[in-house]
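Derivation of every value follows stated rules applied to the coordinates shown; laboratory data play no part. Computed from a prediction, not measured in an experiment: that's the story for all the values here. Cβ atoms come from the backbone with ideal geometry, glycine included; neighbour counts cover every protein chain shown.
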DNA sequence: GTAGGGTTAG
């Protein structure tokens, strides 16, 4: 369809060029024939009056406005004479109908552009968030008027580029009220309330809307006192002013003042009433909300939706549904509210069936259902829907991108995440820093640390979350030095660390073996940054001391903790006891841990362990002893062969890890078929040489698998990533340039706070897959 | 006849 139109457009261009030539020919010949009155009259009968051209142009616009692109084009093609307005109407029509490419083709083909043509194209670039293209076009323009400047200003403002917006504003040779209000809105919408205030105070003759905008800015920042002062000072108030201040009080929990103003207000329209209903809803006052709702003289869909939202929030889906069913003015938001309600109350199936039933979906509907699946752990389905959304033609917005990225992070679907990243850049969202943190977190959780750093650097306005994510990312993947470098950078830039930062710093010290430095940070962090040590900080310190062989100090620190040690704390001690062969302490720790969570030690039974691997955009999931795939025998043969070779080299299974009462051989059997081994085997056999094998688990990798994979790696001189003990090995092998493949274990979505990473490599040539859950994560 | 902006309820 689209291609056909583009082709037709090309035809239009050639035919219009042909037309122009023939018009010129006619003019030339008519110039000769001016003397001949008969022929002049004949020619005149072919042309149309200016008034008729205007009618044709209006026809084009009307068709474009009603989405009839084909008939607009037909008019354009068949009209006897075209002016720049005809072209402009076509270009603007294409932009209006989200056919930017066609608009651009036409603009490029246009011979005599006027200022309006340039302005239309400029706004086309702005609407499609192609800011750098817009700027290029702006600089190319032969002349500017106030519309050109205002378009550029709003483009920058909409993309949060306030410095650029201000530059435009300052450079404008003349400003109208649109320029002033545009700059004010730029500050208000981007949360820069102080700059907005400064601008507002620099001028006296503001319009009513400007006062309202400034007041709304204060309300959004919860500065009710300032909002109220403005309200009291306003030269004239309209209903928007009253509604804004009433909403302000209602949304900030002051229902008494909201009620008072509601009584005082000269006009109570639907907005006023709805503001009261949603105010009650947001403050959990459902009875008052319903009373007001029933009293309302008239209701819009928004009023109904607010009430429904109230019921979903207090988990009364039955009442929400009742209201939803009774509604005659149901709109997409009503459906969206119900879908979100079901999803957040744990009923994803009902949410899905409503999603399927709804007559029309918007980006919020997709975001709601995708987030619903993501939150209940159905990550594959969430990503499936993300692809479906694209197929359905729904435009992705910031929140769907953020949601998709964090879902990718949950299941460490790196390849898919990269594609989302690509789409993100293509959609023009790379400028905003909103998605930056999601992108960074995705690369971190997928263990792709170099790309994580690129994403980090790409965030123009880094907040504390950005810094912490990067720092923790480095720390979790065994890059202690890099993590500490990030911390140094933070302090250079005067960014105040919080408790999360310090967890990252301490675990980085632990991984890098900086015992003294870590101890110093631990001891001074309260004084320096006001961070009081919590469970996690203590656990990091116990890990740090334990790894360094200072077991007694570690144990003493644990016993001096101002709170009871938890499984993670004991786990750190257990790890250290194992490394340094302190059996007694190890046993005590193991007993304590088993009390909380047997699965941490024995990754069999209880919570089923899964491993999954993403190969060529498919996520392959494996469970222990998986036997679903028809080629399972080949997999087991592969693992059997591996096992034999390892035994020959003197490897002994860590059967002590399986604490079940089963025969030794049976234990070994269970370990051999652990899901991670299946996934690693699958990866070795299916991932192209030279590319990392990334296996993700929902539980901690068991020691046996860990050792087995390490063994595989050492035997074949391949490399390592991750677990702190392997940090050195990684560096060494990297120096030797022997890294060809890395098997990485990343922590999965739930159940464990332990991030586990390990190693693998390519062995022999090929076997196949156990493919239990398939997700075709392919963009079309 | 074609181009730019701002305020209130989900």
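Extending 7 Å from the Cα toward the beta-carbon at both residue A:220 and residue A:391 defines two label points whose distance is 3.7 nm. On the beta carbon distance between residue A:111 and residue A:236, with R0 = 45 Å, the FRET formula returns roughly 0.35.
Normalised by the number of residues in region A:45-86, the mean separation of alpha-carbon contacts (under 8 Å, six or more apart) gives a relative contact order of 48 percent.
May I ask you to sort A:540, A:329 by Cβ crowding, counting other Cβ atoms within 10 Å and putting the fewest first?
Values: A:540 28, A:329 12.
Listed from fewest to most nearby Cβ atoms, that is A:329, A:540.
Sort the following peptides by mean Cβ neighbour count (other Cβ atoms within 10 Å, averaged over residues), highest first: A:56-65, A:183-192, A:258-267.
On the way: A:56-65: 19.1, A:183-192: 20.9, A:258-267: 15.0.
Peptide ranking by packing, descending: A:183-192, A:56-65, A:258-267.
Here the spin labels are modelled as points 7 Å beyond Cα on the Cα-Cβ line, and at residue A:457 and residue A:209 they lie 4.3 nm apart. How big is the gap, in Å, between the Cα center of region A:416-485 and the Cα center of region A:271-344? Taking the Cα centre of region A:271-344 as reference, the centre of region A:416-485 is 38 Å away. Sorting the segments A:273-281, A:152-160, A:455-463 by their residues' average number of neighbouring beta-carbon atoms within 10 angstrom, most packed first, yields A:273-281, A:152-160, A:455-463.
Region A:152-194 and region A:247-266 have their alpha-carbon centroids 31 Å apart.
Ranked by Cβ crowding within 10 angstrom, fewest neighbours first, how are A:378, A:444 ordered? If you can, show how the numbers build up before the last one.
Values: A:378 16, A:444 25.
Final ranking by Cβ density, sparse to dense: A:378, A:444.
Each part reduced to its alpha carbon centroid, region A:491-512 and region A:195-224 end up 39 Å apart.
When only Cα pairs under 8 Å and 6 or more residues apart are kept, what is the percent relative contact order across region A:166-243? Please list the in-between numbers first.
Numbers: 49 pairs, mean separation 18.1, N = 78.
Once normalised by length, the contact order is 23 percent.
Tell me whether region A:442-532 comes out rounded, prolate or oblate; compute the Cα gyration tensor, take square roots of the eigenvalues as a ≥ b ≥ c, and use a/c under 1.5 as the rounded threshold. Write out the running numbers ahead of the final one.
Numbers: a/c = 2.20, a/b = 1.33, b/c = 1.65.
In terms of gyration-tensor shape, oblate.
Note on residue A:628 and residue A:363: the model spin-label points, each 7 Å out from Cα along the C-beta direction, lie 3.5 nm apart. Relative to the current alpha-carbon distance between residue A:584 and residue A:564, full extension at 0.36 nm per residue lengthens the span by 5.2 nm.
Among A:126-134, A:400-408, how do they line up from the highest to the lowest mean number of other beta-carbon atoms within 10 Å? Walk me through the numbers before you get to the answer.
Numbers: A:126-134: 18.1, A:400-408: 26.0.
For the peptides A:126-134, A:400-408, the packing ranking is A:400-408, A:126-134.
Look at the alpha carbon pairs under 8 Å that are at least 6 residues apart: their mean separation over the length of region A:174-294 gives a relative contact order of 17 percent.
Kindly identify region A:270-341 as rounded, prolate or oblate by the Cα gyration tensor criterion: order the square roots of the eigenvalues as a ≥ b ≥ c, call it rounded if a/c is under 1.5, otherwise compare a/b with b/c, prolate if a/b is larger, else oblate. Show your work: numbers first, answer last.
Values: a/c = 1.66, a/b = 1.16, b/c = 1.43.
Judged from the Cα gyration tensor, region A:270-341 comes out oblate (a/c at least 1.5, b/c at or above a/b).
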